[in-house]
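Student: Before I ask anything, here is the structure I am working with.
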Amino acid sequence: QSGYTISKYGKHNFVYLGVFDTAAEAFDAYKTSKQQYLKTIAESYKETIDVRIYNALMNYKIEITD
C-alpha cells in the first residue's frame, strides 16, 4: 500500500488521494480526480478560451493506457 497524490494548480500544489489496496483502486481515484480537475479548469477559463478547447477539456477521458 502506498499513498498517492496528484498535482493541481501548479507543480507544487499536491492533492492527497489516499491509500489504496490495489493499483486499480489507485487509478480510479486518480482518474476521477484528474477528470474533475480538467472540468474545473475548463469552467474557470470558459469565457476566454475557444469553445473547441472548452469542449475537449470537458469531455477528456483519462485511460489506464495514457
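The rows are residues; the columns are (1) assigned to a helix (DSSP H, G or I); (2) surrounded by 15 or more Cβ atoms within 10 Å (Cβ to Cβ); (3) of a type in the set (S, T, Y); (4) at pLDDT 85 or above.
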{"position": "G18", "(1), (2), (3), (4)": "no, no, no, no"}
{"position": "K31", "(1), (2), (3), (4)": "yes, yes, no, yes"}
{"position": "Q35", "(1), (2), (3), (4)": "yes, yes, no, yes"}
{"position": "L38", "(1), (2), (3), (4)": "yes, yes, no, yes"}
{"position": "N55", "(1), (2), (3), (4)": "yes, no, no, yes"}
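Student: Where the second residue is open to solvent by 80 Å² or more (accessible area, probe 1.4 Å) and not charged (D, E, K, R) and the first is without any contact (Cβ under 8 Å) to a residue 60 or more places away in the chain and lies in the range 24-39, which pairs have Cβ atoms under 7 Å and are six or more apart or on separate chains?
Tutor: From residues that are without any contact (Cβ under 8 Å) to a residue 60 or more places away in the chain, the pairs are A26/Y4; F27/I64; A29/Y4; Y30/Y4; Q35/Y60; L38/Y60.
Student: Something else: Under the condition of being at pLDDT 95 or above and within 28 Å of E25 (Cα to Cα), which residue from the range 41-53 is nearest to the chain's Cα centre (by Cα)?
Tutor: Looking at residues that are at pLDDT 95 or above and within 28 Å of E25 (Cα to Cα), I get A42.
The values are calculated or read from the model by the stated rules, or taken from the named source; none is laboratory data. It should be emphasised that the depicted structure is a prediction, and the values quoted were computed from it without experimental measurement. When we count neighbours, we look across all protein chains shown, and the Cβ atoms used for this are built from the backbone with ideal geometry, even at glycine. Ligands, DNA and RNA are stripped out before the accessible areas are found, and what is left, the full protein with its side chains, is counted by its heavy atoms. Shrake-Rupley method; radii C 1.70, N 1.55, O 1.52, S 1.80 Å.
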